[in-house]
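Engineer: Sending over a structure as structure tokens; questions will come in a sec.
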Amino acid sequence: QVQLEESGGGLVQAGGSLRLSCAASGRTFNSYTMGWFRQAPGKEREFVAAIRWTEGSTNYADSVKGRFTISRDNAKKTVSLQMNSLKPEDTAVYYCAAGNTPITPRGGLYQYWGQGTQVTVSS
């Protein structure tokens, strides 16, 4: 049974930083893409960043480029999202996802999802 468990969310002031982590278990993710998505109240879920588990190639939404960094630790089976220079518009529930797919921002191609962690950025 695949499980993705996010942690690291919280409340931070604008300009601050947070680091989200996603612990993955239940299968081998060597051929998988790991992604972070977010959903703000009243808005649709949107892509944030993705990383290929094996190759380490990455992709970012334009809105977070230069501020967020996605990484993975193969030994610990964790994927992290370092978020710097946070803005109030980054406030959302952040979800970790895993998909047997080439790197993609399309949420529908990810088969497994975590429960989400709340990130709130105050102005």
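The values are calculated or read from the model by the stated rules, or taken from the named source; none is laboratory data. As the structure is a prediction and not an experimental result, all values here were calculated from the model. FYI the Cβ positions are ideal-geometry reconstructions off the backbone, even for glycines, and counts take in every protein chain you see. Ligands, DNA and RNA are stripped out before the accessible areas are found, and what is left, the full protein with its side chains, is counted by its heavy atoms. Shrake-Rupley method; radii C 1.70, N 1.55, O 1.52, S 1.80 Å.
Engineer: Which one of these is in contact (Cβ under 8 Å) with a residue 40 or more places away in the chain and open to solvent by 60 Å² or more (accessible area, probe 1.4 Å): Arg27, Arg19, Arg38?
Structural biologist: Being in contact (Cβ under 8 Å) with a residue 40 or more places away in the chain and open to solvent by 60 Å² or more (accessible area, probe 1.4 Å) holds for just one of Arg27, Arg19, Arg38, which is Arg19.
Engineer: Suppose the filter is under 20 Å from Ser123 (Cβ atoms), hydroxyl-bearing (Ser, Thr, Tyr) and either in contact with a Gly (Cβ under 9 Å, 6 or more places away or on another chain) or modelled with pLDDT of 95 or more (or both); does Ser21 pass it?
Structural biologist: In short, no.
Engineer: Quick check, is Thr54 among the hydroxyl-bearing types (Ser, Thr, Tyr), open to solvent by 30 Å² or more (accessible area, probe 1.4 Å) and part of a strand (DSSP E or B)?
Structural biologist: No, not satisfied.
Engineer: Something else about it: Take the conditions basic (Lys, Arg), more than 17 Å from Glu6 (Cβ to Cβ) and out of contact with any Cys (no Cβ under 8 Å at 6 or more places or on another chain) and apply them to Arg19. Does it pass?
Structural biologist: no
Engineer: Further question: Can you name every residue in segment 71-109 that is over 12 Å from Val48 (Cβ atoms), of a type outside the set (Lys, Arg) and part of a loop (DSSP other than H, G, I, E, B)?
Structural biologist: Across segment 71-109, the qualifying residues are Asn74, Ala75, Asn84, Ser85, Leu86, Thr91, Asn100, Thr101, Pro102, Ile103, Thr104.
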